[in-house]
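Single-structure report; data block below.
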Amino acid sequence: MSTLEHCDAPGLMPLKSAVQNILSQVTAVSESEVVSLALAHQRVLATDLISNMNVPPADNSAMDGYALRASDLKHTSTLQLIGTALAGQPFTGQIEQGECVRIMTGAVIPQGADAVVMQENTQINNDMVSVTHVPQSGHNIRPAGNDIRLGERVLAKGMCLGPAELALIASIGQADVKVIRPLTVGIMATGDELTPPGQPLKTGAIYESNSYALAAQLQSMKMKVLNYGIVADDKTVLRRMFVQADKECDVIISCGGVSVGEADFVKEILAELGQINFWKVAIKPGKPFAFGQLNKAYFCGLPGNPVSSFVTFEQLVLPLLKTLSGQKINLDKQAYLVAKVAKKVTKRPGRADFQRAFYERDEQGQLWVEAQKNQSSGVMSSISKANCYLLLAQAQGDIEQGELVKILPFAFLH
């Protein structure tokens, strides 16, 4: 078999089709729980969030200045100062004709006032304020409900709550929120050659590293991680571990054992205990990816090579986890940037290629991207030294210097 046939053989499932296949099999969990806002970061909203108040709750000043009746300035430029309004300490009286109130940013607009003049546009002489630039009615006032209105849907069910969303929920006075329960995800690494870090390394062995990347990404998504450790290439042991994990997890992720080697048993056992939906995806790195389902848990079999494991988790497993946790996925709206290639990029048509690369902007504002020299699926430093993926379509060939390409910054991924 030639190298081309081995790497890019016909029949590999296109990446987008693979993701669509996965998502078509997944039903979001429905169980929810109520947590405090302090614990709600990266949790998924279980119901639409409806506001029970206006934000801001009352008309307030957008800046420091003087609250007044705009119509008064048609007849005079000088007003009498009768008081002060501070944020949290409103002026309780009524502004009458020819009067104004000193007001600070965020303070409630006094009764009778319909505009605020900036303090820079005034001159003060004792308790008399001369207005040098006349404001119109409504100027520099933030009306009640300007941000959120009573009865408005603030956030939609399925929203993953980030810092901005937490601030929004707090702004309507809620101290807690109903979210989808956290997923339980089991991870395991298979292979007789694997050794835990910190242990002596025997000849022919390597240190197991994939589980650390997986666990970190899952924990950042506030998912419960069950690490089943290193599992030997033994059918009996693997079968027992899968049966246990199926009882305890929503999703099982294994690294290794889904290729075509004599000791790659994961796919075989999955077929015994459940079903395989597909394996082998037209993605580089990461072709030997398996997806299926056991009795209860979904299963994702990642390649053993560290970069392949890393990329397939991001491109294939993340959409599954997000959908299962109730988030809405739009496969047609992937965020990316466009950059010029700094050096020629070599690619063979046949698989979508996620080349590890570094991008930067020159003094003229143009984005340039350069692929890492070593694109081997076993070289994890190609990711740690990069800040983006250079996205090359399945049918695409070589890219010449100066051509435009899509890039996916790592910051866009989660």
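Figures for the structure shown
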| item | result |
| --- | --- |
| Over the chain: helical MRE at 222 nm, DSSP H runs n ≥ 4 each giving -39500 (n - 2.57), nearest 500 | -5000 deg cm²/dmol |
| Share antiparallel - DSSP beta bridges, the chain, percent rounded to 5 | 65 |
| Packing rank of 154-161, 336-343, 347-354, where each peptide gets the mean count of other beta carbons within 10 Å, highest leading | 347-354, 154-161, 336-343 |
| Segments 101-108, 378-385 sorted - mean Cβ within 10 Å per residue, highest first | 101-108, 378-385 |
| Residues T346, T312, T78, T122, sorted so that the one with the fewest Cβ neighbours within 10 Å comes first | T346, T78, T122, T312 |
| 10 Å Cβ shell holding at most 12 others, DSSP loop, GluC sites (Glu not before Pro): longest site-free stretch of the chain | 97-261 |
| Residues of type aspartates and glutamates that K344 reaches as a straight line, Cα spacing below 16 Å, ignoring anything fewer than 8 places off in the same chain | D353, E370, D398, E400, E403 |
| Per-pair calculated FRET efficiency, R0 = 56 Å: H75 and A411 via Cβ, rounded to 0.05 | 0.45 |
| Added length on full extension, which subtracts the Cα-Cα distance from 0.36 nm per residue, K16 to D234 | 75.1 nm |
| Anchor K322: aspartates and glutamates whose Cα lies under 14 Å away (excluding residues fewer than 8 positions away in-chain) | D250, E314 |
| Degrees, to the nearest 10: 210-220 long Cα axis against longest axis of the chain | 20 |
| Approximate spin-label separation K224-I124, in nm, with each point projected 7 Å along Cα-to-Cβ | 6.0 |
| DSSP-defined antiparallel bridges as percent of all bridges, segment 248-401, nearest 5 | 70 |
| Percentage relative contact order, the chain, counting C-alpha pairs under 8 Å, at least six apart | 15 |
| Counting all C-alpha pairs of segment 171-274, share separated by more than 17 Å (%) | 59 |
| Residue exposure sequence - V251, V26, V266 - by fewest surrounding Cβ within 10 Å | V26, V251, V266 |
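Every read-out reported here was derived from the displayed coordinates using simple, explicitly stated rules and does not represent laboratory data. Predicted model, so just to flag it, every value in this text is computed and none were measured. Cβ coordinates were reconstructed from backbone atoms using ideal geometry, including for glycine residues, and neighbour counts include every protein chain displayed.
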